[in-house]
Amino acid sequence: MAADHTQAPVLEALARYQRAEEVSFTPPGHKQARGADPLVREVLGDAVFHSDLLASGGLDDRLGRGRVLERAEALMAEAVHASHTFFSTCGSSLSVKAAMLSVAGPHEKLLVGRDAHKSVVSGLILSGVEPIWLDPQWDAQRRIAHPPSADAFERAFEEHPDARGALVTSPTPYGSCADLSALAEVCHRRSRPLIVDEAWGAHLPFHPDLPSWAMDAGADVCVTSIHKMGSGLEQGSVFHLQGDLIRPTVLKSRADLFGTTSPSVLLYAGLDGWRRQMALHGRDLLGRALELAARVRAAIEDIDGLHVNDRADFCGPGLAHDFDPLPVVIDVSGLGTSGYRAADWLREHHAVDAHLADHRRISAQLTHADDDKTTGVLLDALRDLSRHAPDLRPVSEVEVPAPGELRLEQVCLPRDAYFGPVEDVPASAAVGRITAEMLTPYPPGIPAALPGERLDEPVVRYLTSGVRAGMNVPDAADPELGTIRVLVEGAR
């Protein structure tokens with residue numbers, strides 16, 4: 001029998017709680033807004049506080065006998081063709097760690113695309129898992145990385161048959177997608193699970209013209225951020241499971257290691273409501289979003305100095321397998337400026353916030369929430385940007401390395417370097433040293449260097465020139481990169 005997707009167990013339980021006017025002698029201490037600071041209430045509104053309550057002993061009874069969360073997760077799983085779904089209120093940064101530790105343990109090997117998010121590296125540091133890095137497919141002309149190929153995973157398994165599984169990021173923040181069906185086949189031929197960090201793919205299951213999503217492609221676990229391309233609240237994430245290579249109890253237990261014991265009912269409600277919205281109306285909503293994206297892409301392409309990266313740019317031999325058109329990635333190099341300068345100018349002069357900004361691109365992420373009004377603001381701002389291009393010059397050059405220069409040698413485990421004896425040295429003196437911190441241009445949050453890798457001159461030049469040009473490297477001990485944290489020599 002098909003699930004009834006008009007239901008929303010979390011939202012319905014929340015409404016019952018509010019109607020009952022229960023009097024709580026439990027956290028949270030604001031007690032349904034009564035104790036919140038009046039100025040805070042003025043900004044946030046009381047509805048936020050009225051929906052902020054305990055998940056157990058509030059939304060549900062102390063033993064969870066209403067099965068509120070369990071029923072909401074089951075509906076989500078059914079909606080996206082998964083066997084099991086788990087909600088997370090700590091973002092996909094938690095979910096991907098739980099997935100990794102369900103596959104590999106300390107000193108066991110995991111194949112990982114080197115374009116992984118910093119949360120994956122954090123999982124490696126915390127767990128002691130040994131990464132076997134796979135190079136992305138690098139477009140040397142456009143200086144952009146796409147997910148590793150299935151052939152690369154095949155070769156890595158041949159070299160490391162003891163690897164416990166594989167992890168790939170798809171879609172990337174730029175919208176390029178891996179051949180997940182082929183990757184799953186490579187893994188399953190060896191009875192090894194495939195983890196997909198699909199943080200940017202929450203919308204994929206709900207429209208046939210979008211790239212295939214991880215569960216339909218045969219992945220074992222996938223991690224999805226509902227707040228990115230969906231309409232959940234920030235930090236709302238889910239991870240899905242299918243097949244028999246990972247036990248649901250193991251995945252749930254690993255998540256419990258990282259998760260909070262005080263989950264936000266607000267975030268649960270956002271996840272539950274988004275599932276209902278997509279299950280009932282997703283195809284229509286996303287169909288309109290795709291039509292809007294096509295019009296916006298064409299309009300941007302007509303603006304002098306701008307080029308929208310499309311399927312022809314991103315897909316093909318040695319590049320991505322598929323392409324999501326909703327992250328509208330705009331190359332601004334024709335204006336003679338950088339993405340950093342362009343993004344700052346758009347915010348300052350038009351109150352338009354770009355998502356990504358790099359040495360030559362900005363990204364305008366579209367979702368089903370956009371319409372002709374919001375995209376009209378974007379197009380007007382971009383046309384004005386083109387007219388004011390001379391004001392954005394000269395631009396500080398970012399010395400982007402060639403593909404072969406980006407790949408650093410992994411000398412020791414990320415965990416050993418991060419927790420080892422460290423020192424901060426001038427950036428110029430860090431060349432040849434083993435880094436003990438993540439150096440991550442953000443967004444998109446993919447480390448250019450990570451603990452345990454030996455820094456080389458091209459990568460140090462890239463990062464230091466990038467910071468001068470406007471790159472943000474927030475996780476470095478010194479975000480200005482006057483110094484870099486490295487492992488004390490001889491300490492390994």
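Descriptive notes on the structure:
- Packing order of peptides 465-471, 475-481, 219-225, highest average first: 219-225, 465-471, 475-481 (average count of other Cβ atoms within 10 Å over each peptide's residues).
- Take the Cα of His188, step 7 Å toward its Cβ, do the same at Arg16, and the gap between the two points is 3.9 nm.
- The local environment of Ser264, defined by Cβ-Cβ distances under 12 Å, has a net charge of -2 under the rule Lys, Arg +1 and Asp, Glu -1.
- For the range 87-195, trypsin sites (Lys or Arg not before Pro) meeting the loop criterion (DSSP other than H, G, I, E, B) and having at most 10 other Cβ atoms within 10 Å: Arg189.
- Tensor-based shape of the range 110-206 (alpha-carbon gyration tensor, a/c under 1.5 rounded, otherwise prolate or oblate): rounded
- For the range 344-405, the fraction of C-alpha pairs farther apart than 12 angstrom is 76 percent.
- Across the range 222-228, rounded Karplus estimates of 3J(HN,Hα) from the backbone phi angles (6.51 cos²θ - 1.76 cosθ + 1.60, θ = phi - 60°) give 9, 10, 9, 8, 6, 7, 7 Hz, Gly and Pro being marked x.
- In a fully extended conformation the segment linking Ser181 and Glu489 would gain 106.5 nm over its present Cα-Cα distance, using 0.36 nm per residue.
- A 1.4 Å probe run over the range 62-188, with the rest of the protein chains in place, finds 34 Å² accessible per residue.
- Alpha-carbon radius of gyration plus Dmax, which is the widest Cα pair, for the range 182-245 in Å: 12.3, 38
- For the range 236-363, the gyration tensor built on C-alpha atoms gives a prolate shape. Its axis ratio a/c (a ≥ b ≥ c) is at least 1.5, and a/b is the larger of a/b and b/c.
- Candidates His349, Val459, Ala289 compared by Cα position along the dipole of the chain: farthest toward the positive end lies Ala289, with charges placed on Cβ.
- Long pairs among Lys118/Lys252; Lys31/Lys373; Lys31/Lys118; Lys109/Lys228, criterion Cα-Cα beyond 32 Å: Lys31/Lys373; Lys31/Lys118
- Among the protein heavy atoms of the chain, carbon and sulfur supply 49% of the accessible surface, probe 1.4 Å, non-protein parts ignored.
- Heavy atoms of Arg247 accessible to a 1.4 Å probe, total area in Å² rounded to 10: 150 Å²
- Here is how the number arises for the chain: DSSP H runs of 4 or more residues each give -39500 (n - 2.57), the sum is divided by the residue count, and the result at 222 nm is -11500 deg cm²/dmol.
- Burial ranking of peptide ranges 285-292, 438-445, 24-31, 165-172 (average Cβ count within 10 Å, highest at the top): 165-172, 438-445, 285-292, 24-31
- Normalised Debye scattering of the chain at q = 0.06 Å⁻¹ gives log10 I(q)/I(0) of -0.29, counting only Cα atoms as equal scatterers and leaving out solvent.
- Normalised per residue, the volume of the convex hull around the Cα set of the range 173-325 (Å³): 139 Å³
- Phi-based couplings in Hz for the range 276-288 (Karplus 6.51, -1.76, 1.60; Gly and Pro marked x): 4, 4, 6, 5, 8, 10, x, 4, 5, 4, 6, x, 5
- For the range 1-130: Kirkwood Rh in Å [reciprocal of mean 1/r, alpha carbons]: 17.9 Å
The values are calculated or read from the model by the stated rules, or taken from the named source; none is laboratory data. Because the structure is predicted, anything quoted here is derived from the model rather than measured. Methodologically, a virtual Cβ is constructed for each residue, glycine included, from the backbone with ideal geometry; neighbour enumeration extends over all protein chains shown. Side chains included, ligands, DNA and RNA excluded: accessible areas come from the protein's heavy atoms. Shrake-Rupley method; radii C 1.70, N 1.55, O 1.52, S 1.80 Å.
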